[in-house]
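Following: one structure in structure tokens, then a few remarks.
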Amino acid sequence: MLRNGGELDGTRILSPAMIEYASRNHTGELRNVLFDYTASYRGWEAWPGYIGLAFSCAATASLRARSAH
């Protein structure tokens, strides 16, 4: 839905304005301190604070699609 501009199976769920707002960088280069805490003890790479749920969902869907082939 996020990659399709707010539509899911041909039905609009989110407006284009909401998609634009949700995918905008609101924090600049600030750190995501909750993620930094988890990443530090798991050995994960640190991410900037603007990498949020929408980006994670899109990346997860993309990885699933690739592994299905």
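Values in this text are rule-based calculations from the coordinates and carry no lab data. Since the structure is predicted, the reported quantities are computational estimates derived from the model, not experimental observations. Please note: Cβ atoms are built from the backbone with ideal geometry, for glycine as well, and neighbour counts cover all protein chains shown.
What are the ³J(HN,Hα) couplings of segment 17-24, residue after residue, when phi is run through the Karplus curve with 6.51, -1.76, 1.60 and θ = phi - 60°? Round to Hz, x for glycine and proline.
Here the 3J(HN,Hα) series is 5, 5, 4, 4, 5, 5, 9, 7 Hz.
Taking R0 as 25 Å, what's the FRET efficiency between residue 4 and residue 25 from their Cβ-Cβ distance, rounded to 0.05?
That pair, residue 4 with residue 25, gives E of 0.70.
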